[in-house]
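Report on one structure; see the data block that follows.
Nothing in this text is a laboratory measurement; each read-out follows from the coordinates by a stated rule. This is a predicted model, so every value here is computed, not measured. Note that we place each Cβ from the backbone using ideal geometry, even for glycine, and neighbour counts take in every protein chain shown.
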Amino acid sequence: MPGYAKTAAVIALWLAGGAGKASAQVKLGAVLSVTGPASFLGDPEKKTLETYVDEINAKGGVNGQKLQLVVYDDGADANAARTFATRLVEEDKVVAMVGGTTTGATLAMIPVFEEAQIPLISLAGAIQIIEPVRKWVFKTPHTDKMACEKIFADLKQRNLTTVALISGTDAFGKSMRDQCVAVAPQAGITIAHEESYGPRDSDMTPQLTNIKGKPAVQAVINPGFGQGPAIVTRNYRQLGIALPLYQSHGVASKQFIDLAGPAADGVRLPAAALLVAEKLPDNDPQKPVVVAYTRTYQQKTGQPVSTFGGHAYDGLMIFVEAAKRAGSFDKAKVRDEIEKTKNFIGTGGIVNMSPRDHLGLDLSAFRVLEIKGGDWTLVQ
Amino acid sequence: MPEFLQFAFSGLTVGAVYALVALGFTLIYNASDVINFAQGEFVMLGGMTTVFLGLAGVPLPLAAVLAIVVTVAVGLALHRFAIEPARASGAVVLIIITIGASIFLRGVAQVVFDKRFHSLPSFIGGDAIRVGGAAILPQSLVVLAGAVVIVVLLWAFIERTLTGKAMIATAANEVAARLVGIDTRAIVALSFAISAAIGAVAGILITPITLTSYDVGSLLALKGFAAAMLGGIGSAVGAVIGGLLLGLFEAFAAGYVSSQYKDAVAFLIILIVLFATPRGLFGRAPIERV
């Protein structure tokens, strides 16, 4: 029997080797949460990558070679993500990786790619992915720290300095709450009161009643995503609270407006330019990019764009541009070129990376939006 | 005092939701000693089917009726294809089957519907009613009224109709019930149909408040089950009282103690109640059924 096994292994190796040589394609890996609780992130990411890899190949590929996208679905399970990461490195022999979708999955995969010395461009939010800086790890989405800073900057402009937080107890809500609390002193903002709610709670009036009872509070910030912020917004109006309400970039989708209904009027939130593509002034450098992405995505999928798919677009294009500049798919050269990305205009903002900054976005990447009459408006 | 009143309103709103879900557990439990953990999925199906039929252009009242019909069909199918074939295996195995069915239904809903959250418009106006400095949504009153109507209908069905009596008999002793000429299989199937209908009604009534998505069922079922245990599983009145109490515990815990620990406080109180009265507040001792 061992003899058979050996023969089979040899044949398998030979076949695998042969297959590798036969195709002049370069493999790009992507571990995404296409199903499961983070599917609303992973699904548009996958569709975006597929759409644009096809488009790039139709135009002749990169450096004369066609890209082959290898997508695995981790179902938002970090353990599964790590297994797929190993498979991408050892079996698929990818030259780079765009993903994971969630912070948990990304952090689980980082050691695999660091060890294999393959560039990884993450699509997840948390700042821990790029702080401290890791040689092979980059990311495209804004961090929640930036969202807090943007909200605080807008508050200062309105001469409001004392706020209350009502945060979801899910990972996103908790992480953003921690970042807001951490940066509040530097921004000159006092957090006078804090409340929280479970991600599946259906009524937040007790928490909001407590906030309403604090006379010092001038504005309320709600870090969270999913249906929680929609219910907070409805309850906020139900109680007739007149203070400004800020939501996070976590609810920056049309769905939030649909769910919160008329209660969403007057709510402000930081979000990427992509959401207001058509409303940007014509001289905005991001306008052509976000308008083109919006059209392509909607035409291809028939669904409205989300910032999440935009992050995948940015990740893919940063990789493609770096590979073009490197003139090859040599992993170390591509990595160096990704790090040298300057003035890359993506859907998330204008990216200027450096050896100390593997995200490359500043606060100008976020726009403050206000919901008026069921639609976004830009706050100048 | 407005705070106290607002907490109470919040508790009643959430409690009415739990009560409606808890009611669905009572009937199947009464007929077959099975706790149907797919009850939450009936609630989800009621809400989601209404939303999607509404999106397809069906007028909402008709969509709601169709959603109830669809959910009843799913309930009957669950009984016919999952519960009935394993009927000889005893209650514990059947309970595990319902957990499997719940995961299955959630998966199917994810594909048939979508993975987003959806809402329905409020039945009678969206503006809050203000009482003594506190505010309550009219839809909360609709949910409460719905719970009361279902309790009365259930009570009338079980206590005043022969079929209802047959259901109690089936629960007490299936073999004996069959010996006196009761079609126990049909009775258990009927209990699944009615529970599915109750779940669907619950889902339609609560969606304007809680919103809905393919996976709302699991947490609602958990809270509804806790409410049913608190009230005494199998008792319709107990389910409503248990649901309202659980909602009030949570609201007052969130308001007066800490929103971080509201679930912990609520479940702690349930544990204390169950230590004192292990069958729940309105639970019947098994001796009554013999």
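Below is a table of values for the structure above.
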quantity: Inter-part distance where the range A:240-277 and the range A:301-356 are each reduced to a Cα centre, Å; calculated: 28 Å
quantity: In Å, descending, principal axis extents of the Cα set of the range B:132-290; calculated: 58, 35, 32
quantity: Ranked packing of B:131-141, B:233-243, A:39-49, most packed first, by mean Cβ within 10 Å; calculated: B:233-243, A:39-49, B:131-141
quantity: B:VAL93-B:LEU153 pseudo-label distance in nm [points 7 Å out on the Cα-to-Cβ vector]; calculated: 3.4 nm
quantity: Whole-Å semi-axes of chain B's equivalent ellipsoid (Cα gyration tensor); calculated: 30, 24, 17
quantity: Average partner coverage of B:55-67, which counts Cβ from other chains inside 10 Å; calculated: 0
quantity: Karplus-derived 3J(HN,Hα), 6.51/-1.76/1.60, for each residue of the range A:27-41, Hz, glycine and proline x; calculated: 8, 10, x, 8, 9, 10, 8, 6, 10, x, x, 9, 5, 5, 8
quantity: Cα centroid separation - the range B:116-137 against the range A:90-158, whole Å; calculated: 40 Å
quantity: More than 49 angstrom apart: percent of Cα pairs within the protein assembly as shown; calculated: 22 percent
quantity: Spacing of the two label points (7 Å from each Cα toward its C-beta) at A:SER364 and A:LYS254, in nm; calculated: 3.0 nm
quantity: Rounded to the nearest 20 debye, dipole of the range B:85-208 from Cβ charges on Lys, Arg, Asp, Glu; calculated: 160 debye
quantity: At R0 = 35 Å, FRET efficiency that the Cβ-Cβ distance of B:LEU162 and B:PHE104 yields, to 0.05; calculated: 0.50
quantity: At least 18 Å along the helix axis (C-alpha) and Kyte average at least 1.0, DSSP helices within chain B; calculated: B:2-32, B:39-55, B:60-78, B:91-112, B:138-160, B:184-210, B:216-231, B:236-252, B:262-276
quantity: Histogram of C-alpha separations across chain A, 20 Å bin width, %; calculated: 28, 53, 16, 2, 0
quantity: Helix A:2-22 vs. chain A, principal-axis angle (Cα, 0 to 90°, nearest 10); calculated: 70 degrees
quantity: Only Lys, Arg (+1) and Asp, Glu (-1) charged, at Cβ; the range A:22-119 dipole about Cα centre in debye; calculated: 240 debye
quantity: Residue-averaged beta-carbon neighbours from other chains (10 angstrom radius) around A:211-220; calculated: 1
quantity: Extended-chain gain in nm, criterion 0.36 nm per residue less alpha-carbon gap, A:LYS279 and A:THR296; calculated: 4.4 nm
quantity: Inter-part distance where the range B:1-15 and the range A:27-56 are each reduced to a Cα centre, Å; calculated: 44 Å
quantity: Computed Kirkwood radius, in angstrom, where 1/r is averaged over Cα pairs of the range B:29-131; calculated: 15.3 Å
quantity: FRET efficiency, A:ASP178 to B:ILE272 (Cβ-Cβ, R0 25 Å, nearest 0.05); calculated: 0.15
quantity: 0 to 90° range, to nearest 10: angle between helix A:144-157 axis and chain A longest Cα axis; calculated: 30 degrees
quantity: Charge tally in the Cβ shell below 14 Å around A:ILE350, where Lys, Arg are +1 and Asp, Glu are -1, A:ILE350 excluded; calculated: -2
quantity: Sites B:GLU3 and A:GLN25, calculated FRET efficiency, Cβ-Cβ separation with R0 41 Å, nearest 0.05; calculated: 0.05
quantity: Angstrom value of the Kirkwood radius, inverse mean 1/r, which spans all Cα pairs in the range A:143-266; calculated: 14.2 Å
quantity: Peptide A:231-241, shielding by other chains (average Cβ, 10 Å cutoff); calculated: 4
quantity: Charge dipole (debye, nearest 20) of the protein assembly as shown; +1 at Cβ of Lys and Arg, -1 at Cβ of Asp and Glu; calculated: 360 debye
quantity: Rg to Rh quotient for the range A:245-380, alpha carbon positions, Kirkwood Rh; calculated: 1.03
quantity: Protection proxy ranking of B:2-11, A:191-200 - average other beta-carbon atoms within 10 Å, highest first; calculated: B:2-11, A:191-200
quantity: Dimensionless Rg/Rh of the range A:61-126 - Kirkwood Rh, Rg from C-alpha atoms; calculated: 0.97
quantity: Ellipticity estimate at 222 nm from DSSP helix runs (n ≥ 4, -39,500 (n - 2.57)) divided over chain A, nearest 500; calculated: -14000 deg cm²/dmol
quantity: Residues with amide H under 5 Å from that of A:GLY75, placed H, sequence gap 5 or more; calculated: A:VAL34, A:THR35
quantity: Rounded if a/c under 1.5, otherwise prolate or oblate - the range B:1-57, Cα gyration tensor axes; calculated: oblate
quantity: Protection proxy ranking, peptides B:58-67, B:41-50, B:175-184, average beta carbon neighbours within 10 Å, highest first; calculated: B:41-50, B:58-67, B:175-184
quantity: Karplus 3J(HN,Hα) series, Hz, for the range A:265-273 with 6.51 cos²θ - 1.76 cosθ + 1.60 (x for Gly, Pro); calculated: 4, x, 6, 10, 7, x, 7, 6, 4
quantity: Approximate spin-label separation B:TYR261-A:GLU50, in nm, with each point projected 7 Å along Cα-to-Cβ; calculated: 4.9 nm
